[in-house]
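Right, one structure below, let's go through it.
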Amino acid sequence: MRPKKKSRSMAPMTQEEYRKQQSIVREVYDPESGRTRLVRGTGEIIERIVSRSSHDSINRQATAGDGASFMYHVMKSRK
């Protein structure tokens, strides 16, 4: 008979596991605000370095998305 293997769900991560998790970076689209963000494996948001013109374009798009989201919630609460 084999001894039961203990669950590691409550055990701390090893340094290797932590680095592996932190090395995973993915792009996540937020449909509510219209933004695409870089997110690390642990959920940390990472800033992307972009040119000045690209930054202005992203900012205009994000501001329009924020305004649309705000108006949607205002109109939804009035019903």
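Is there any pair with a first residue in the range 41-70 that is in contact (Cβ under 8 Å) with a residue 12 or more places away in the chain and a second that is of a type in the set (Gly, Ala, Ser) and open to solvent by 80 Å² or more (accessible area, probe 1.4 Å) whose Cβ atoms are under 9 Å apart and which are 6 or more apart or on different chains, and what are they?
GLY41/SER23
Out of the residues in the range 13-36 that are charged (D, E, K, R) and open to solvent by less than 100 Å² (accessible area, probe 1.4 Å), state the one that is farthest from the chain's Cα centre (by Cα).
Residues of the range 13-36 that are charged (D, E, K, R), as a first pass: 16-17, 19-20, 26-27, 30, 32, 35.
If we keep only those that are open to solvent by less than 100 Å² (accessible area, probe 1.4 Å) too, we end up with 17, 30, 35.
Working: GLU17: 20, ASP30: 8, ARG35: 10 Å.
Among them, the one singled out is GLU17.
Scan the range 7-33 and report the pairs whose first residue is modelled with pLDDT under 90 and whose second residue is acidic (Asp, Glu) and not in a loop (DSSP other than H, G, I, E, B), with Cβ atoms within less than 8 Å and a gap of 6+ or a chain change.
These pairs meet every condition: SER33/ASP66.
Quickly run through the range 37-66 and pick out the residues that are loosely packed, with under 12 Cβ neighbours inside 10 Å, among the small types (Gly, Ala, Ser) and within 30 Å of MET13 (Cβ to Cβ).
Correct list: GLY43 only.
The values are calculated or read from the model by the stated rules, or taken from the named source; none is laboratory data. Remember, it's a predicted structure, so these values are computed and weren't measured experimentally. Note that we place each Cβ from the backbone using ideal geometry, even for glycine, and neighbour counts take in every protein chain shown. Each accessible area value is taken on the protein alone, full model and side chains, heavy atoms only, with ligands, DNA and RNA left out. Shrake-Rupley method; radii C 1.70, N 1.55, O 1.52, S 1.80 Å.
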